[in-house]
Amino acid sequence: MIENPVVVLPEAEYRRVWDRFYEDFSFRPSTNPIKWPAIEEPVASVTWSLAALDDDPGDERLDRLVAVVEQGLSSCVGPSGTLFALDWQHTSYCFAPQEVGGPGQPAWPLSPYPDGDYFIFLAEDFRFGSFGHPWEGSLCLFGEELLDVAATEVDKVLGPPIRRSGRAAGPA
């Protein structure tokens, strides 16, 4: 466990984590649809369009999506684990999900919803996480354990996925 529930990644750690992310996921940031998806989506991954949130006047679906993904990430990391929260070309964090988001606790450092930039949550060993793509308007969850606890509920919020394991998903 870390002393503070949310810690800004020091420069050396920031570089190490981002360099590994670029390498492990073949990250190719781009606003050009020809270059999407921006990562090589892992075999155990599901990607949804965020278009279902376009007509969500009270943000109820958005709030539900955020809660489902945060709960899934928290359950996968366990009671004393930490996650990386990466914001492309901005401050990134290491945090203890069990110690944020509740009454009297600090907020999660980022949202699973990619509000204007790539937002990424990663287990410290990179075995599971989420990748929010702001320009494609998509959310990818990866890692069997995260998919097992969150994918069904995300389907209920966003509808059927657009990709599974990096390949176009057929009709439901």
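Tabulated data
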item	result
Per-selection Kirkwood Rh - region 15-57 (Cα, Å, 1 d.p.)	12.4 Å
P(r), alpha carbons of the chain - 5 Å bins starting at zero, rounded %	1, 9, 18, 23, 22, 16, 8, 3, 1, 0
Spacing of the two label points (7 Å from each Cα toward its C-beta) at E60 and Y22, in nm	4.4 nm
The chain, accessible area per residue, ligands and nucleic acids excluded (1.4 Å, Å²)	49 Å²
Spin-label zone in region 138-155 - amide nitrogen under 19 Å from a point set 7 Å from the Cα of W88 along the C-beta vector	138-142
For region 21-116: Kirkwood Rh in Å [reciprocal of mean 1/r, alpha carbons]	15.4 Å
Dipole of the chain, positive direction: furthest Cα of T82, Q71, T31, with charges on the beta-carbon	T31
Surrounding net charge for D56, when Lys and Arg each add one and Asp and Glu each subtract one, Cβ distance under 11 Å	-3
Which of T152, T47 is most accessible, then next, and so on - probe 1.4 Å	T152, T47
Accessible surface of region 75-164, 1.4 Å probe, proportion on carbon and sulfur as whole %	48 percent
The chain, relative contact order in percent, only Cα pairs under 8 angstrom and at least six apart counted	30 percent
Radius ratio Rg over Rh of region 96-148, counting only Cα atoms, Kirkwood formula for Rh	1.01
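The values are calculated or read from the model by the stated rules, or taken from the named source; none is laboratory data. The shown structure was predicted, so the numbers you read here are calculated from the model rather than taken from an experiment. Neighbour counts run over all protein chains shown; Cβ positions are idealised from the backbone, glycine included. For the accessible areas, the whole protein counts, side chains as well, though only heavy atoms, and no ligand, DNA or RNA atoms are used. Shrake-Rupley method; radii C 1.70, N 1.55, O 1.52, S 1.80 Å.
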